[in-house]
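The values are calculated or read from the model by the stated rules, or taken from the named source; none is laboratory data. Computed from a predicted structure; not experimentally measured. Note that we place each Cβ from the backbone using ideal geometry, even for glycine, and neighbour counts take in every protein chain shown. Ligands, DNA and RNA are excluded from the accessible area calculation, which covers all protein heavy atoms including side chains. Shrake-Rupley method; radii C 1.70, N 1.55, O 1.52, S 1.80 Å.
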Amino acid sequence: MCQLLGMNCAAPTDFSFSFRGFAKRGGETDKHEHGWGIAIYEGRGLRTFLDPMPAAISPVAQLVQRYPMKTFNMMAHIRYATQGTVSLENVHPFQREMWGIQWSFCHNGEVPKYSHIDPCEYPLLGNTGCRQNCTYHPVGDTDSEAVFCAILNALKAEFNTLPTLPVLYETIQRLSAEIVSGDEELTIFNFLLGCGQYTLFAYSWPGARPGSSVWNGLFLHHSS
């Protein structure tokens, strides 16, 4: 399984210390050696660094650790590949533009509905309707990117512009439940979804198990 790191702050914050320890887990202190990536919001822009090399030895990761950057909102991912080749197109976080906003997404787990399936057969979510209505398509071979595109296509089918945060929260929660529905026992669906420089969604399924206090469900973090 992959690992995720997310940070959403009330004031611009330097993430390099946290990222330094996280990167070591990419092949040095843990087995997640199949690539890494980071997405850092800067104003309306999104600065991304991606590398299929292990984070622990990646020169790009070393550059990021030394680069003086502060942000309200960021996410990082170290990959242990279970689907798709070890290649740049399969490295998280993925990003797309919608409504003039940079969206980013990284995922840990397995989503059977979107695993090892031809892109023409991926389930459509919400009110997407038909594939002719789809704006977003996966470039790589992972279930993670396919799910990200499906979520964005469903949001675009439902709204013409960014809805209020409560409405957006409710919609993403509903779409996430739709993704899990019918495959609850086999699905592991943990993700971070960035929506511009201030907003980060975190979702976990199955989350809490018997004897565990780990949370599950959808959480919204918004810098203000």
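Remarks
- Count of lysine pairs in the chain with Cα separation under 29 Å (8 or more residues apart, or interchain): 4
- Estimated dipole of region 1-105 in Debye, rounded to 20 [Cβ of Lys and Arg +1, of Asp and Glu -1, Cα centre]: 160 debye
- Note, ³J(HN,Hα) from phi for region 109-120, Karplus 6.51, -1.76, 1.60, rounded to Hz, x at Gly and Pro: x, 9, 10, x, 4, 10, 9, 6, 10, 4, x, 6
- With the convex hull of its Cα atoms as the shape, the chain has an orientation-averaged projected area of 12.1 nm².
- Taking all protein chains into account, the per residue accessible area for the chain stands at 46 Å² (1.4 Å probe).
- Top positive-direction residue, dipole computed over region 115-168 with Cβ charges, set T128, P166, G140: P166
- Semi-axis lengths, Å, region 72-190, gyration tensor of Cα atoms, sqrt of 5 times eigenvalues: 21, 17, 15
- Under the Karplus curve 6.51 cos²θ - 1.76 cosθ + 1.60, θ = phi - 60°, whole-Hz ³J(HN,Hα) for region 92-97, x wherever Gly or Pro sits: 8, x, 8, 9, 8, 9
- Protection proxy ranking, peptides 144-156, 177-189, average beta carbon neighbours within 10 Å, highest first: 144-156, 177-189
- Simple point charges give the picture: +1 on the Cβ of Lys and Arg, -1 on the Cβ of Asp and Glu, and for the chain a dipole about the Cα centre of about 700 debye.
- Square roots of five times the Cα gyration tensor eigenvalues for region 1-102, Å: 22, 17, 11
- Heavy-atom surface analysis with a 1.4 Å probe gives the chain a carbon and sulfur content of 54 percent of its accessible area.
- Region 22-65: trypsin sites (Lys or Arg not before Pro) in DSSP loop, at most 10 other beta carbons within 10 Å: R44
- For region 88-183, a crude dipole built from +1 on the beta carbon of Lys and Arg and -1 on the beta carbon of Asp and Glu, taken about the Cα centre, is about 320 debye to the nearest 20.
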